[in-house]
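The values are calculated or read from the model by the stated rules, or taken from the named source; none is laboratory data. What you see is a predicted model, and the numbers here were worked out from it, not measured in a lab. Virtual Cβ from ideal backbone geometry, glycine too; neighbours counted across all protein chains shown.
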Amino acid sequence: MKNKYLHLITTTVLLCILASCRKDGGQLPSEEEQVGGGSTGKIKGLYVVNEGNMGSNKASLDYYDYATGIYKRNLFGETNPGIVLGLGDVATDVAIYGAKMYVAVNGSNLVEVMNARTAKHINTIKVPNCRYLKFYQNKVYVTSYDGYIAVADTGSLTVQTTIKVGRQPEQMAVVGTKMYVANSGGYTPSNYDRTVSVIDLNTSTVIKNIEVAINLDHIVADQYGDVYVTSRGDYYNISSKLFVIDTKTDAVKKQFDIPAGEIAINNDLAYIYSVEFNYNTGVNKTSYTLLDVKTETLLNRSFITDGTEKDIKTPYGLAIDPISEDIYLTDARDYVSSGMLYCYDKTGRKKWSVTTGDIPAHFAFLYQ
């Protein structure tokens with residue numbers, strides 16, 4: 001079942017029970033592994049953030065070096081041995097802006113800021129219940145499950161203002177001078193939020209709330225002025241769906257009745273996977289889908305083409321290399337032990353896989 005820590009109170013409790021089976025509480029030992037053949041280009045490497053189980057302070061940072069083909073685990077812990085609790089408790093997002101890398105650490109109520117090239121700690125930004133990150137004109141925007149977005153200066157690393165949005169906001173997308181925020185209402189499953197908040201970034205005010213569907217989560221912009229937003233449904237009788245918002249009219253223009261968990265867009269392709277769990281049946285249904293965002297049509301094929309999707313137990317994170325179009329997909333497996341990272345080429349054939357930290361989920365590409 002695909003969950004990013006606080007999607008449902010009942011799911012959170014379930015993960016707590018699972019996490020309690022792991023007693024060691026320590027970080028994954030630092031380790032390097034040769035997985036790729038090595039390559040050079042505009043991208044220097046790929047950071048992978050592992051969420052870690054709630055309450056265990058086991059969030060961790062891995063790094064794949066494109067030039068050497070070496071995958072290094074627990075980079076933050078090795079680089080910053082003086083930080084006793086490591087990266088912290090439940091990391092929910094990572095992003096690079098300028099020379100700094102930012103990691104939202106939900107359970108620790110902070111954004112960890114480090115040097116993007118060395119992973120050396122610089123400072124932290126206090127944001128209670130922080131979730132996801134987005135940047136605009138030297139500001140970092142951080143969604144808080146407390147119902148607002150914290151806006152911090154990327155120079156001083158201090159929160160300058162907050163913007164009240166919907167209940168339990170998740171991801172954000174920026175198109176022009178507007179930001180679109182997916183509101184979930186995940187704390188109240190009997191009364192989910194149904195809106196996408198639209199923020200005027202020039203005034204830091206909400207100018208509209210678009211009615212979409214219940215329990216919204218991921219939201220991604222394409223190159224044609226549309227944003228794609230996923231609805232997780234209610235895990236009982238209402239299924240997951242995908243919606244398209246036209247940012248010129250700020251209205252829903254299309255609905256795809258497909259399971260939609262994570263979505264990543266590169267050029268004209270949207271890569272979508274879903275692990276849709278139903279409490280009535282107790283069954284997980286996993287799917288991998290491709291969608292042409294230019295024509296807004298579903299393609300009748302998976303983005304994994306060699307049959308190796310059978311090796312993946314719990315797909316949990318997705319990223320597309322914008323240059324090579326390699327596909328990176330993580331597997332959280334049982335949410336308790338170490339996960340896996342799979343790399344596929346642009347045709348959907350597996351290139352390599354590697355063991356990660358616990359619950360690998362989020363990616364940031366480091367450029368030369």
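Quick notes on this structure:
- Among the candidates 256, 277, the residue that is of a type outside the set (S, T, N, Q), more than 30 Å from residue 55 (Cα to Cα) and out of contact with any helix residue (DSSP H, G or I) (no Cβ under 7 Å at 6 or more places or on another chain) is uniquely 256.
- Residues of segment 125-165 classified as in contact with a strand residue (DSSP E or B) (Cβ under 7 Å, 6 or more places away or on another chain) and small (Gly, Ala, Ser), total: 4
- Checked against (1) of a type outside the set (Lys, Arg); (2) more than 13 Å from residue 183 (Cβ to Cβ); (3) within 22 Å of the chain's Cα centre (by Cα); (4) not in a loop (DSSP other than H, G, I, E, B), residue 207 passes all but a single condition, namely (3).
- Matching option when the condition is touching a helix residue (DSSP H, G or I) at 6+ places or on another chain (Cβ under 8 Å) and surrounded by fewer than 20 Cβ atoms within 10 Å (Cβ to Cβ), among 345, 334: 334
- Answer from 175, 181, 140 - the residue that is under 19 Å from the mean Cα position of the chain (by Cα), surrounded by fewer than 23 Cβ atoms within 10 Å (Cβ to Cβ), at pLDDT 95 or above and of a type in the set (A, V, I, L, M, F, W, C): 175
- If only residues of segment 258-280 that are surrounded by fewer than 20 Cβ atoms within 10 Å (Cβ to Cβ) and not in a strand (DSSP E or B) are counted, the one that is farthest from the chain's Cα centre (by Cα) is 280.
- Lone qualifier among 36, 52 - being assigned to a loop (DSSP other than H, G, I, E, B), at pLDDT below 95 and assigned by TED's automatic domain parsing to the domain that holds residue 86: 36
- Qualifying residue in segment 194-206 (condition: in contact (Cβ under 8 Å) with a residue 24 or more places away in the chain and under 18 Å from residue 235 (Cα atoms)): no
- Qualifying residue in segment 287-294 (condition: in a strand (DSSP E or B) and of a type in the set (Gly, Ala, Ser)): yes
- Which listed residue is closer than 15 Å to residue 220 by Cβ, of a type outside the set (A, V, I, L, M) and assigned by TED's automatic domain parsing to the domain that holds residue 225, from 261, 282: 261
- Of the residues making up segment 302-324, those that are surrounded by fewer than 19 Cβ atoms within 10 Å (Cβ to Cβ) and either closer than 21 Å to residue 335 by Cβ or under 18 Å from the mean Cα position of the chain (by Cα) (or both) are 310, 311, 313, 322.
- Residues in segment 216-257 that are under 22 Å from residue 189 (Cβ atoms), assigned to a loop (DSSP other than H, G, I, E, B) and either over 15 Å from the mean Cα position of the chain (by Cα) or not assigned by TED's automatic domain parsing to the domain that holds residue 178 (or both): 233, 234, 235, 236, 237, 238, 239, 240, 257.
Results for (1) of a type in the set (Val, Ile, Thr); (2) closer than 25 Å to residue 226 by Cα; (3) at pLDDT below 95; (4) surrounded by fewer than 16 Cβ atoms within 10 Å (Cβ to Cβ), shown as yes or no for each residue.
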| residue | (1), (2), (3), (4) |
| --- | --- |
| 106 | no, no, no, no |
| 112 | no, no, no, no |
| 119 | no, no, no, no |
| 132 | no, yes, no, no |
| 148 | no, yes, no, no |
| 151 | yes, yes, no, no |
| 157 | no, no, no, no |
| 165 | yes, yes, no, no |
| 170 | no, yes, no, no |
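- Candidate set: segment 214-230, residues that are of a type in the set (A, V, I, L, M) and in contact (Cβ under 8 Å) with a residue 40 or more places away in the chain; chosen: the one farthest from residue 317 (Cα to Cα): 227
- Contact map, segment 285-308: first residue at pLDDT below 95, second residue in a loop (DSSP other than H, G, I, E, B), Cβ cut-off under 8 Å, separation 6 or more or different chains; pairs are 285/259.
- Within segment 322-351, the set of residues being in contact with a Cys (Cβ under 6 Å, 6 or more places away or on another chain) and at positive phi is empty.
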